[in-house]
Amino acid sequence: MDIGSVVLGAGAGMLAVVQLIVLKRFETALKRQQDTREKAAIVAELMAEWIAVPEDLSRLNRLSFQAFLWLPEPLAVELSKRLNHDPEAIPARELLLAVRRHLLDPKDKLDAKRIIVFEKP
(Lines give C-alpha, C1' and ligand atoms only; values in the text may rest on other atoms or scores of the structure.)
Protein backbone atom coordinates (compact mmCIF):
# COMPACT_ATOMS: atom_id res chain seq x y z
CA MET A 1 0.00 0.00 0.00
CA ASP A 2 1.50 3.32 -0.99
CA ILE A 3 1.31 6.59 0.94
CA GLY A 4 -1.14 8.12 -1.56
CA SER A 5 -3.70 5.39 -0.87
CA VAL A 6 -3.33 5.86 2.87
CA VAL A 7 -3.83 9.64 2.58
CA LEU A 8 -6.86 9.19 0.30
CA GLY A 9 -8.38 6.66 2.70
CA ALA A 10 -7.83 8.93 5.70
CA GLY A 11 -9.28 11.89 3.81
CA ALA A 12 -12.39 9.92 2.87
CA GLY A 13 -12.82 8.83 6.49
CA MET A 14 -12.50 12.41 7.74
CA LEU A 15 -15.03 13.58 5.15
CA ALA A 16 -17.48 10.94 6.33
CA VAL A 17 -17.05 12.08 9.95
CA VAL A 18 -17.57 15.73 9.01
CA GLN A 19 -20.70 14.81 7.02
CA LEU A 20 -22.09 12.91 10.02
CA ILE A 21 -21.43 15.88 12.32
CA VAL A 22 -23.12 18.31 9.93
CA LEU A 23 -26.09 15.96 9.53
CA LYS A 24 -26.45 15.56 13.30
CA ARG A 25 -26.39 19.35 13.79
CA PHE A 26 -29.02 19.78 11.08
CA GLU A 27 -31.24 17.12 12.69
CA THR A 28 -30.86 18.79 16.09
CA ALA A 29 -31.78 22.22 14.68
CA LEU A 30 -34.77 20.73 12.86
CA LYS A 31 -35.95 19.00 16.06
CA ARG A 32 -35.57 22.27 17.99
CA GLN A 33 -37.66 24.14 15.40
CA GLN A 34 -40.37 21.46 15.50
CA ASP A 35 -40.41 21.53 19.30
CA THR A 36 -40.71 25.34 19.27
CA ARG A 37 -43.63 25.22 16.83
CA GLU A 38 -45.42 22.59 18.95
CA LYS A 39 -44.99 24.64 22.14
CA ALA A 40 -46.19 27.79 20.40
CA ALA A 41 -49.22 25.91 19.06
CA ILE A 42 -50.16 24.73 22.55
CA VAL A 43 -50.20 28.28 23.94
CA ALA A 44 -51.98 29.66 20.88
CA GLU A 45 -54.68 26.97 21.05
CA LEU A 46 -55.04 27.43 24.80
CA MET A 47 -55.56 31.17 24.48
CA ALA A 48 -57.98 30.76 21.55
CA GLU A 49 -60.05 28.16 23.41
CA TRP A 50 -60.04 30.21 26.61
CA ILE A 51 -61.23 33.34 24.80
CA ALA A 52 -64.00 31.33 23.12
CA VAL A 53 -65.33 30.11 26.50
CA PRO A 54 -66.06 26.53 25.42
CA GLU A 55 -68.77 24.35 26.92
CA ASP A 56 -66.46 21.32 27.09
CA LEU A 57 -63.56 22.19 29.37
CA SER A 58 -61.60 18.96 28.90
CA ARG A 59 -59.67 20.27 25.88
CA LEU A 60 -59.03 23.59 27.62
CA ASN A 61 -57.71 21.73 30.67
CA ARG A 62 -55.46 19.51 28.52
CA LEU A 63 -53.95 22.53 26.76
CA SER A 64 -53.49 24.33 30.06
CA PHE A 65 -51.76 21.32 31.61
CA GLN A 66 -49.48 20.95 28.58
CA ALA A 67 -48.47 24.60 28.71
CA PHE A 68 -47.74 24.54 32.43
CA LEU A 69 -45.45 21.53 31.99
CA TRP A 70 -42.90 23.40 29.89
CA LEU A 71 -43.37 27.13 30.50
CA PRO A 72 -40.71 28.67 32.73
CA GLU A 73 -42.03 29.87 36.08
CA PRO A 74 -42.45 33.59 35.27
CA LEU A 75 -44.50 32.79 32.16
CA ALA A 76 -46.47 30.08 33.96
CA VAL A 77 -47.37 32.61 36.67
CA GLU A 78 -48.48 35.16 34.06
CA LEU A 79 -50.53 32.51 32.23
CA SER A 80 -52.15 31.50 35.52
CA LYS A 81 -53.08 35.11 36.27
CA ARG A 82 -54.53 35.59 32.78
CA LEU A 83 -56.58 32.38 32.84
CA ASN A 84 -57.89 33.26 36.32
CA HIS A 85 -58.94 36.78 35.25
CA ASP A 86 -56.56 38.24 37.82
CA PRO A 87 -56.77 42.06 37.68
CA GLU A 88 -52.94 42.17 37.81
CA ALA A 89 -52.58 39.88 34.78
CA ILE A 90 -50.85 41.20 31.72
CA PRO A 91 -53.08 41.45 28.61
CA ALA A 92 -53.38 38.34 26.43
CA ARG A 93 -51.39 39.96 23.63
CA GLU A 94 -48.53 40.77 26.00
CA LEU A 95 -48.58 37.20 27.28
CA LEU A 96 -48.41 35.79 23.75
CA LEU A 97 -45.56 38.16 22.96
CA ALA A 98 -43.68 37.04 26.09
CA VAL A 99 -44.04 33.40 25.04
CA ARG A 100 -42.95 34.31 21.50
CA ARG A 101 -39.83 35.99 22.87
CA HIS A 102 -39.12 33.02 25.13
CA LEU A 103 -39.36 30.60 22.21
CA LEU A 104 -37.79 32.62 19.41
CA ASP A 105 -35.70 35.58 20.47
CA PRO A 106 -35.69 37.69 23.65
CA LYS A 107 -34.77 40.72 21.51
CA ASP A 108 -37.81 40.30 19.23
CA LYS A 109 -39.18 43.75 18.34
CA LEU A 110 -42.78 42.79 17.50
CA ASP A 111 -45.27 45.13 19.16
CA ALA A 112 -48.06 43.40 21.08
CA LYS A 113 -50.59 45.57 19.22
CA ARG A 114 -49.62 43.69 16.04
CA ILE A 115 -51.06 40.45 17.45
CA ILE A 116 -54.59 40.19 16.06
CA VAL A 117 -57.41 38.97 18.29
CA PHE A 118 -60.77 38.49 16.56
CA GLU A 119 -63.78 39.15 18.72
CA LYS A 120 -67.45 38.60 18.08
CA PRO A 121 -69.32 41.80 17.31
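The values are calculated or read from the model by the stated rules, or taken from the named source; none is laboratory data. Because the structure is a prediction, the values reported are computed rather than measured. Glycine gets a Cβ as well: all are built from the backbone with ideal geometry, and neighbour counts include every protein chain shown.
Which residues, counting only those in the stretch 46-76, are modelled with pLDDT of 95 or more, surrounded by 12 or more Cβ atoms within 10 Å (Cβ to Cβ) and among the acidic types (Asp, Glu)? Across the stretch 46-76, there are no qualifying residues. Scanning the stretch 104-113 for residues that are out of contact with any Lys or Arg (no Cβ under 6 Å at 6 or more places or on another chain) and surrounded by 12 or more Cβ atoms within 10 Å (Cβ to Cβ) yields a count of 2. Across the stretch 30-41, a minimum of one residue is classified as part of a helix (DSSP H, G or I) and farther than 19 Å from His102 by Cβ. Of all residues in the stretch 48-66, those that are of a type in the set (Lys, Arg) have Cβ atoms under 8 Å from Cβ atoms of residues that are assigned to a helix (DSSP H, G or I) and surrounded by 10 or more Cβ atoms within 10 Å (Cβ to Cβ), 6 or more apart or on another chain, in Arg59/Glu49. Filtered by the rule that a residue be among the charged types (D, E, K, R) and in contact (Cβ under 8 Å) with a residue 12 or more places away in the chain, the stretch 88-110 gives Arg93, Glu94, Arg100. Within the stretch 52-67, the presence of a residue that is among the β-branched types (Val, Ile, Thr) and assigned to a helix (DSSP H, G or I) is excluded. Taken over the stretch 1-45, the criterion of being in contact with a helix residue (DSSP H, G or I) (Cβ under 8 Å, 6 or more places away or on another chain) and either modelled with pLDDT under 90 or among the polar types (S, T, N, Q) (or both) is satisfied by Thr36 alone.
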